[in-house]
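The values are calculated or read from the model by the stated rules, or taken from the named source; none is laboratory data. Keep in mind that what you see is a predicted model, and the values were worked out from it rather than measured. Positions of Cβ are generated from backbone atoms using ideal geometry, with glycine treated the same way; all protein chains shown enter the neighbour counts.
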Amino acid sequence: MDQVDIDRVKITLPDGSIRDYTKGITGMDIAMSISEGLARNVLAAKVNGEVWDLSREITADASVQLLTWNDKDGKGTFWHSSAHLLAEALESLYPGVKFGIGPAIEQGFYYDVDFGEMDFNGDKLQEIEEKMQELAREKNEYLRESVSKQDALDYFKEKGDEYKIELIEDLDDGTITFYRQGNFTDLCRGPHIPNTGFIKAIKLTNVAGAYWRGDEKNKQLTRIYGITFPKQKELKEYLHLVEEAKKRDHRKLGKELELFAFSEKVGMGLPLWLPKGAVLRERLEMFLKKAQRKAGYEQVVTPHIGGKELYVTSGHYEKYGEDSFQPIHTPNENEEFLLKPMNCPHHCEIYKVRPRSYKELPLRMAEFGTVYRYEQSGELHGLTRVRGFTQDDAHIFCRPDQVKEEFKKVIDLVLYVFRSLGFEDFTTQISLRDPENTSKYIGDDEAWDQAEKDIQEAAAEKEMITVTELGEAAFYGPKLDFMVKDALGRSWQLGTIQVDYQLPERFELEYIGADNQKHRPVMIHRAPFGSMERFVAVLIEHCGGNFPLWLSPEQIAVLPISEKYADYAQKVYEELEEQDIRGFIDHRDEKIGRKIRDAEIKKIPFMLIVGEKEEEQDKVSVRKHGEGDQGSFFLKEFVEYFNKQVDRLTQNI
């Protein structure tokens, strides 16, 4: 090879094109070579799948993606850099403050701070924002510096920051980097945006408490949340969405619509489903059970508890024992039970009740099974994070040669569920092992490699648009997660499909093959909703409580103008009830305007007003939620009109 080749590198761009550059080229240099406009907007570079600073030199052939605000990793880098800007502002305003960690999160960033004896409360956020704006205008560069472990320890010992010292002690010498911007230096592996000038719009959103390293035995730090944008207009739009989100908050609407409640006496994180919420759940269950029957699933039911040994065998006790409720001890010595944290071990035992033949496979087992996990109290949040929840769980036991086809059928089922309920905007995430930390997982590499290959090929054959995330797999297998965007553009992880070669091994599951020999089946775990609680929470916020007509707990409200028409109102209600149209009669001694207004607030799809004229003509006057008067109908006409509305909304079902 001649000298020219040694001094050059080949850069492969996302469109597949290959460019030749001088060795030591940076991400910013590549951006400049493409266009000045890109160079003005690029935030970081993804080099061979790893996000780098734009100033970092590339010394070997590489695949490079230039990241802007439109990329998830671009936003993450922007927000991580903003966390450093927040810390710089705090150190300027509160000399001597100590810092925990300051990562980017899905929407923005936070930094955990120890203010010591200084008095701090949320009233100071505007002052901190103004300081951040001032520092951002200085356009200070984020400068990366490799430091020895001893130098890093010495630096933070001098500052008296025990949190950074503790973090450094866990790191290997030769892997430690500092980042400096302006007068601020932080322990950080990066990456960061080129300079603080990219940060144009800043909003600190919340202050909360957070135990250092999530351990209640440690000191509680002050966690300051914020979000930033490259344009003021984007911050304005974000704040508008925040206000919309408050109106749609499932906790607020759940109370107003009388769907669910929580009780301190029952216990934190254990939802109580009220009659209307129970109807909503029941309709969702009926919808999915019908789809599952068509797809060849059989329904099973398992207990809410299981012997501790069941979860030791499955591996759940080792991996999640600390997140489970404490074992239940019986009067019998050495007999222990756990509240069920997962349904899959129970389903493995159902599989084992008798010998299985290859001719029976795939065997598809479904259950709406309630499970229990002891989430930390600070992490509980309405229905989205609870301690008791019902999974629309199913496990498919199949031969290895059936895995891909079965996986694709489950993808079809998940897509059917989402589209039927109005979730049209979603992406899929292939969640794989973290190759740097295999101790988190059970099983051998060969089985994992095959499972990951099965998922990747099935997703490709279904032409799914996917992203791949390392380290997000379940402890027993890789998975395909469905990330759904709601009406406000927020992303939620709902449905999941997982391939598992491990539990059949641990439970010694077998089938007799065509060769009359014993073989191990493969398990596919799947849950299109994920959990009923989380799915309902997301659905409430997605539709703002205006459920699809077929799903609405109360579809009609019969509103008599006065008590004189109570009998006719009862007749109307009973005739509609016979047609499986759900609702109620508002018998309150209130003016009709008040009844209509209250029905609108409760988001009742149809209001049927009955008075003297309606009784004489055997009709009802119909109002539609959010749209107003629809005219006068004979009851038979209204039923036809109603059913057409339902048919239009359920054409995918």
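What to note about this one:
- Flag if residue 405 is more than 26 Å from residue 313 (Cα to Cα) and loosely packed, with under 15 Cβ neighbours inside 10 Å: yes
- Odd one out for residue 101, checked against (1) within 17 Å of residue 199 (Cβ to Cβ); (2) in contact (Cβ under 8 Å) with a residue 24 or more places away in the chain; (3) not hydroxyl-bearing (Ser, Thr, Tyr): (1)
- Exactly one residue among 537, 527, 599, 569 is touching a His at 6+ places or on another chain (Cβ under 7 Å) and either small (Gly, Ala, Ser) or at pLDDT 95 or above (or both), and that residue is 537.
- Yes/no for residue 135 being out of contact with any Asp or Glu (no Cβ under 6 Å at 6 or more places or on another chain) and either in contact (Cβ under 8 Å) with a residue 60 or more places away in the chain or of a type in the set (A, V, I, L, M) (or both): no
- Filtered residues of the stretch 272-314 (kept if over 24 Å from residue 420 (Cβ atoms) and within 24 Å of the chain's Cα centre (by Cα)): 272
- Of all residues in the stretch 412-429 being touching a helix residue (DSSP H, G or I) at 6+ places or on another chain (Cβ under 7 Å) and over 23 Å from residue 552 (Cβ atoms), the one that is modelled with the highest pLDDT: 413
- Complete set of residues in the stretch 60-100 that are of a type outside the set (Val, Ile, Thr), within 30 Å of residue 10 (Cβ to Cβ) and assigned to a strand (DSSP E or B): 62, 63, 65, 66, 67
Residue by residue, here is whether (1) in the same structural domain as residue 424 (by TED's automatic domain parsing); (2) surrounded by fewer than 20 Cβ atoms within 10 Å (Cβ to Cβ); (3) in contact (Cβ under 8 Å) with a residue 40 or more places away in the chain; (4) of a type outside the set (Lys, Arg) holds:
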| position | (1), (2), (3), (4) |
| --- | --- |
| 521 | yes, no, yes, yes |
| 524 | yes, no, yes, yes |
| 528 | yes, no, yes, yes |
| 532 | yes, no, yes, yes |
| 536 | yes, no, yes, yes |
| 560 | no, no, yes, yes |
| 571 | no, yes, no, no |
| 578 | no, yes, no, yes |
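- Test: residue in the stretch 189-199 that is small (Gly, Ala, Ser), buried (at least 16 other Cβ atoms within 10 Å of the Cβ) and at pLDDT 95 or above: no
- Filter result for the condition that a residue is among the aliphatic types (A, V, I, L, M), over 18 Å from residue 181 (Cα atoms) and at pLDDT 95 or above, over 13, 86, 90, 67: 67
- Cβ pairs under 9 Å, 6+ apart, first in the stretch 263-276 and more than 18 Å from residue 378 (Cα to Cα), second surrounded by 10 or more Cβ atoms within 10 Å (Cβ to Cβ) and hydroxyl-bearing (Ser, Thr, Tyr): 272/263
- Number of residues in the stretch 393-407 that are in contact with a helix residue (DSSP H, G or I) (Cβ under 7 Å, 6 or more places away or on another chain) and more than 19 Å from residue 365 (Cβ to Cβ) equals 1.
- Residue within the stretch 510-519 that is among the charged types (D, E, K, R), touching a residue at least 60 places away in the same chain (Cβ under 8 Å) and either closer than 25 Å to residue 460 by Cβ or outside any strand (DSSP E or B) (or both) present: yes
- Those residues of the stretch 41-77 which are of a type in the set (Phe, Trp, Tyr) and crowded, with 18+ Cβ neighbours inside 10 Å, in sequence order: 52
- Restricting 307, 321, 315 to those that are surrounded by 14 or more Cβ atoms within 10 Å (Cβ to Cβ) and either on the phi > 0 side of the Ramachandran plot or β-branched (Val, Ile, Thr) (or both) reduces the list to 315.
- Criterion (acidic (Asp, Glu) and either touching a helix residue (DSSP H, G or I) at 6+ places or on another chain (Cβ under 9 Å) or not in a helix (DSSP H, G or I) (or both)) met by exactly one of 574, 614, 600: 614
- Scan of the stretch 26-40 for residues that are touching a Leu at 6+ places or on another chain (Cβ under 7 Å) and either surrounded by fewer than 18 Cβ atoms within 10 Å (Cβ to Cβ) or in contact (Cβ under 8 Å) with a residue 40 or more places away in the chain (or both), ordered by number: 26, 28, 38
- Only one of the numbered conditions (1) surrounded by 15 or more Cβ atoms within 10 Å (Cβ to Cβ); (2) out of contact with any helix residue (DSSP H, G or I) (no Cβ under 7 Å at 6 or more places or on another chain); (3) not polar (S, T, N, Q) is not met by residue 102, and that is (2).
- Residue selected from the stretch 415-464 under the condition part of a helix (DSSP H, G or I) and of a type in the set (Gly, Ala, Ser), by the criterion surrounded by the most Cβ atoms within 10 Å (Cβ to Cβ): 451
- Criterion: under 25 Å from residue 40 (Cα atoms) and either of a type in the set (A, V, I, L, M, F, W, C) or assigned by TED's automatic domain parsing to the domain that holds residue 492 (or both) - qualifying residue of 152, 104: 104
- The number of residues in the stretch 211-254 being surrounded by fewer than 18 Cβ atoms within 10 Å (Cβ to Cβ) and not in a helix (DSSP H, G or I) comes to 9.
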